[in-house]
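Take a look at the structure set out below.
The values are calculated or read from the model by the stated rules, or taken from the named source; none is laboratory data. Treat the numbers as computed from the prediction; the structure is a model and nothing was measured. Don't worry about glycine lacking a Cβ; one is built from the backbone with ideal geometry, like all the others, and counts go over all protein chains shown. Please note that ligands, DNA and RNA were not included when accessible areas were found on the heavy atoms of the full protein model with its side chains. Shrake-Rupley method; radii C 1.70, N 1.55, O 1.52, S 1.80 Å.
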Amino acid sequence: MKFMKTKVYQLAEVNDEKILILAVETSCDETSAAVVENGRRIRSNIISSQIDIHKKFGGVVPEIASRKHVELILPVIGQALEHASVGLDRIDAVAVTYGPGLAGALLVGLSAAKALAFATGKPLVGVHHIEGHIAANYLEHETLEPPFVCLVASGGHSHIVYVEDYGDFEIMGQTRDDAAGEAFDKTARALGLGYPGGPLIDAQAKMGDGSAVDFPRVYFSDGSLDFSFSGLKTAVLNFLNTNAQRGGEISIPDVCASFQQAVVDVLVHNTIRAAEQKGVKKIALAGGVAANSQLRSSMKEAAAGIGADMFYPRPLLCTDNAAMIGSAAFYEYKRGNISGLDLNAVPGLKLGTACG
Ligand code: KG4
Ligand code: ZN
């Protein structure tokens, strides 16, 4: 990923023992700030989740998310510095997610980070949200180094990414419609389970039979590693409607387990093919769906089948948090990818694009 340098900063000596980055993340419904040391060690990671507010609406309401970020951003940044026991003077750079995400939400974190960078004279590092999710693995696994294949599956994205080097990515497959997390959330909603759907379906599935209902799995015949989950969501809805019309009983755990099995099968199959194509023996998971217990165990088993090692962050680092942004920012900073103070929010930012 290339960042346009609009200002040349005197960077701290990168060989210096400890580069501390203050990172900010507000792309969706988590207001988060963190201090990360040398891209690998979390000194603090404050996450203020708005889930309880958005739950009432069955999903994230962008306008409410932005307003909450405005209320929370300064206290959250203050806490991150306090927990890390550092003052702003000791921070080497300020990092922030500038896309993809909700425009209004991104702008809150971006404005705060730019103001801090301007006031302190520290460099600003704009970070791609997906690059952050991938970097969560560096926080969890101290010795993990590229190249590896990473499945990034969250509420907004389902990407298979070949991480050739730090900040150097190739997208090998992506969803053509719904993201994997979105499929979990919409299915949970149809089942009346609540929001966010992923953890709720994960819990129900543990009590069900994954082979009870044969839901569809989409594999593209042209060899593409892309995903499609909208047909699966429709198949669950049709199954529920048909049963309701017939007055039949359904087992929620069985439907959850069968749905989850269908999603996991496709995610695992395509990711393993990607690793085989690249000839890499390291497979990582990232994003909220990486917290899924069945995805973790099935991917581990399939990875072992091709002699590959599996990496995934603890659940807290799978979902949105600023520490992952601080880790990704460290590698951009080391490469001299410093953003100008004119950095804008880019809601539809693609991985691997330059920013101005
Ligand atoms: O990465 P994330 O916090 O936000 C985005 O960038 O989208 O991911 C949130 C998504 C939600 O769709 C949520 O349902 C899903 O991750 N998720 C899970 C699990 N925990 C969270 N999906 C499946 N199983 C889980 N255990
Ligand atoms: Zn995310």
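Worth a mention:
- Annotation: the chain has a Kirkwood hydrodynamic radius of 20.6 angstrom, from the mean reciprocal C-alpha pair distance.
- Each peptide in 281-291, 145-155 was scored by the mean count of other Cβ atoms within 10 Å over its residues; highest first, the order is 281-291, 145-155.
- Degrees separating the helix 293-305 axis from the principal Cα axis of the chain, which is the longest one: 90 degrees
- Dipole-positive endmost among Ala93, Leu81, Gly59 within the range 35-127 (Cβ charges, Cα centre): Gly59
- The chain - percent of accessible surface contributed by carbon and sulfur, probe 1.4 Å: 51 percent
- Only the Cβ atoms of Lys and Arg (+1) and of Asp and Glu (-1) were treated as charged; on that basis the dipole of the range 29-74 about its Cα centre amounts to roughly 140 debye.
- Nearest 10 degrees, 0 to 90: helix 103-120 Cα axis against the chain principal axis: 20 degrees
- Counting only alpha carbon atoms, the long axis of helix 322-334 and the longest principal axis of the chain meet at about 50°.
- Among 46-58, 100-112, sorting by the average number of other beta carbon atoms lying within 10 angstrom of each residue, highest first, gives 100-112, 46-58.
- Shape parameters for the range 145-312, alpha-carbon atoms, Rg then Dmax in Å: 16.0, 55
- Unsatisfied cross-links (Cα-Cα over 29 Å) in the set Lys114/Lys186; Lys233/Lys278; Lys68/Lys122; Lys281/Lys350; Lys114/Lys334; Lys233/Lys281: Lys114/Lys186; Lys233/Lys278; Lys233/Lys281
- Within-10-Å neighbourhood charge of Ser48 [Cβ basis; K, R +1; D, E -1]: -2
- Inter-label distance for His83 and Met207, nm, one decimal - labels placed 7 Å from Cα along Cα-to-Cβ: 3.3 nm
- Longest to shortest principal axis, alpha-carbon extents of the range 74-151, angstrom: 39, 31, 21
- The charge dipole of the range 168-232, taken about its Cα centre with unit charges on the Cβ of Lys, Arg, Asp and Glu (plus for the first two, minus for the last two), comes to roughly 340 debye.
- Looking at the range 109-155, the GluC sites (Glu not before Pro) that sit in a DSSP loop and have at most 12 other Cβ atoms within 10 Å of their own Cβ are Glu142.
- Per residue accessible area of the range 145-312, 1.4 Å probe, in Å²: 41 Å²
- Here each label is just a point 7 Å from Cα along the line to Cβ, and for Val218 and Arg90 those points are 5.0 nm apart.
- Residues whose amide H comes within less than 5 Å of that of Met172, counting only those at least five positions distant or on another chain, are Ile160, Val161, Tyr162 (H built at 1.01 Å from N in the peptide plane).
- The listed peptides 335-341, 262-268, 90-96, ordered by packing as a protection proxy, come out as 90-96, 262-268, 335-341 (highest mean of other Cβ atoms within 10 Å first).
- Helix-only arithmetic for the chain: the sum of -39500 (n - 2.57) across DSSP H runs with n ≥ 4, divided by the residue total, places the mean residue ellipticity at 222 nm at -13500 deg cm²/dmol.
- Debye log10 I(q)/I(0) for the range 235-335, one point scatterer per Cα, at q = 0.10, 0.17, 0.19, 0.21 Å⁻¹: -0.42, -0.88, -0.98, -1.07
- For the chain, the Cβ-based charge dipole about the Cα centre amounts to some 320 debye (Lys, Arg positive; Asp, Glu negative; other atoms uncharged).
- Simple spin-label estimate for Glu164 and Ala244 in nanometres, 7 Å along Cα-Cβ: 5.0 nm
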